[in-house]
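Written below as structure tokens is the structure these notes are about.
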Amino acid sequence: MPSSTRPAPMFTEVGQIGIVVPNLKQAIRIYEEVYGIGPWTEYVVDENMIEGEVLVYGKPADWHGVAASTMVGGVMWELIEPHDKDDVFGRFLAQRNGVGGVHHIAVRTPDFQQVRQQQKERGNIPIMTGRFGGIDVDYLNTERELGVI
């Protein structure tokens, strides 16, 4: 039987599940009161949290929004209410007819720059790139291959 030559895992740990919601306050209430998930820390994503430029499909974008996060075990859950119907999250919500859902799974990698370069070589332009709260983020365009960003 031939041996498999599978590459080393590109992603080694789940850090966050990003869930787009149509109404942040209402979503928090449901998560807390029905499912006991919380407490939530609410925050505004604006120039105070964004370091440098945000790119959407490689082009500069002005992205702002409101969000909330909590820890469930060792994974951060983030609720994101779109600020604009035409931003990355607003379009996701519109595609789902206003029903929220899992938008992305943030994963850690042993070598962020290497993964970024490998994706670039494959012609995979990130959906959104930026530095938020001291963390470099690339929303890899993996939805067709993996079923989620």
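The values are calculated or read from the model by the stated rules, or taken from the named source; none is laboratory data. Quick caveat: nothing in here was measured; it's all calculated off a predicted structure. FYI the Cβ positions are ideal-geometry reconstructions off the backbone, even for glycines, and counts take in every protein chain you see. Please note that ligands, DNA and RNA were not included when accessible areas were found on the heavy atoms of the full protein model with its side chains. Shrake-Rupley method; radii C 1.70, N 1.55, O 1.52, S 1.80 Å.
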Spot the failing condition for residue 57; the list is (1) within 20 Å of residue 126 (Cβ to Cβ); (2) of a type in the set (Phe, Trp, Tyr); (3) without any contact (Cβ under 8 Å) to a residue 40 or more places away in the chain; (4) open to solvent by 70 Å² or more (accessible area, probe 1.4 Å), and only one is missed.
(3)
Pull out all pairs, ordered by first then second residue, where Cβ-Cβ is under 9 Å, the residues are six or more apart or on different chains, the first lies in segment 95-115 and is farther than 15 Å from residue 138 by Cβ, and the second is polar (S, T, N, Q) and open to solvent by less than 80 Å² (accessible area, probe 1.4 Å).
100/23
Pick from segment 127-141 the residues that are under 12 Å from the mean Cα position of the chain (by Cα) and in a loop (DSSP other than H, G, I, E, B): which of them is surrounded by the fewest Cβ atoms within 10 Å (Cβ to Cβ)?
141
Please work out which residue is least open to solvent (accessible area, probe 1.4 Å), limiting yourself to segment 18-54 and to residues that are farther than 14 Å from residue 82 by Cα and modelled with pLDDT under 95.
54
Log entry, pairs with first residue in segment 4-17 being small (Gly, Ala, Ser) and modelled with pLDDT under 90, second being open to solvent by less than 90 Å² (accessible area, probe 1.4 Å) and not in a strand (DSSP E or B), beta carbons closer than 9 Å, six or more apart or on different chains, reads none
